[in-house]
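Worksheet for the structure shown next.
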Amino acid sequence: MSGHSDRYEAEDALARAYVLTEHLSTSLQSGTRLFGLTTARIRALLCVLENPSMTQRDLAANLRCSRRQVTALVDALEESGHLRRDPHPTDRRAHIVALTERGRSDADRIRQLRTDTARRLFGGVPPQDLDAFVRVADRLIDDYANSIPRTGE
């Protein structure tokens, strides 16, 4: 790696992204073991926690996955007692995805674990560097997501 200057190449950035991924993967794995949920199910729970009164279509758009994939996620989370489907107030073909008591409790605990991890990981990073990190990460996430063909819609 190019540790001798302040100019880094894309390969240097990727190497560091892999190291961060390993650290975050360890954190994710401990969370999935603790709650008995996959990372996709955890993402769905947190999305519903942060966006109450959403339909399955809204959830699919927020998670950037197909409606078929979100139906499987909601089915599994309904079966595990984390989510329920409530009737939509104006569209009888749609359902509102809502957290159950268990779902809210687990989602709140997961969010707290994420907050703790964020403090450990980014607590010493100056605000301007954190702003730059978020801007770059958002761009990379969007660019990568937009480069993948969507299927199963």
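When the range 63-96 is examined, which residues are found to be among the hydroxyl-bearing types (Ser, Thr, Tyr), under 21 Å from the mean Cα position of the chain (by Cα) and not in a helix (DSSP H, G or I)?
Across the range 63-96, the qualifying residues are Ser66, Ser80.
Only residues in the range 59-78 that are in contact (Cβ under 8 Å) with a residue 60 or more places away in the chain and closer than 14 Å to Ala94 by Cα count as the first member; pair them with residues that are in a helix (DSSP H, G or I) and not charged (D, E, K, R), Cβ under 8 angstrom, at least 6 apart or cross-chain, and list the lot.
The qualifying pairs are Arg67/Gln56; Arg67/Ala60.
Would you mind stating whether Val48 is surrounded by 15 or more Cβ atoms within 10 Å (Cβ to Cβ) and without any contact (Cβ under 8 Å) to a residue 60 or more places away in the chain?
Judged against the criteria, Val48 is a match.
Table: residues versus (1) part of a strand (DSSP E or B); (2) hydroxyl-bearing (Ser, Thr, Tyr); (3) at pLDDT 95 or above; (4) loosely packed, with under 12 Cβ neighbours inside 10 Å.
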position: Arg102; (1), (2), (3), (4): no, no, yes, no
position: Ser105; (1), (2), (3), (4): no, yes, yes, no
position: Arg114; (1), (2), (3), (4): no, no, no, no
position: Thr117; (1), (2), (3), (4): no, yes, no, no
position: Asp138; (1), (2), (3), (4): no, no, no, yes
position: Ile141; (1), (2), (3), (4): no, no, no, yes
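Run down Thr26, Thr71 and say which single residue is closer than 27 Å to Ile148 by Cβ, of a type in the set (Val, Ile, Thr) and surrounded by 12 or more Cβ atoms within 10 Å (Cβ to Cβ).
Unique residue meeting the criteria: Thr71.
Need the failing condition index for Gly81 against (1) surrounded by 13 or more Cβ atoms within 10 Å (Cβ to Cβ); (2) touching a helix residue (DSSP H, G or I) at 6+ places or on another chain (Cβ under 6 Å), just the number.
(1)
Please indicate, with yes or no, whether at least one residue in the range 20-38 is in contact (Cβ under 8 Å) with a residue 40 or more places away in the chain, on the phi > 0 side of the Ramachandran plot and assigned to a loop (DSSP other than H, G, I, E, B).
Looking for residues that are in contact (Cβ under 8 Å) with a residue 40 or more places away in the chain, on the phi > 0 side of the Ramachandran plot and assigned to a loop (DSSP other than H, G, I, E, B), one finds at least one in the range 20-38, hence yes.
The values are calculated or read from the model by the stated rules, or taken from the named source; none is laboratory data. Keep in mind the model is a prediction, meaning the values are calculated, not measured. Virtual Cβ from ideal backbone geometry, glycine too; neighbours counted across all protein chains shown.
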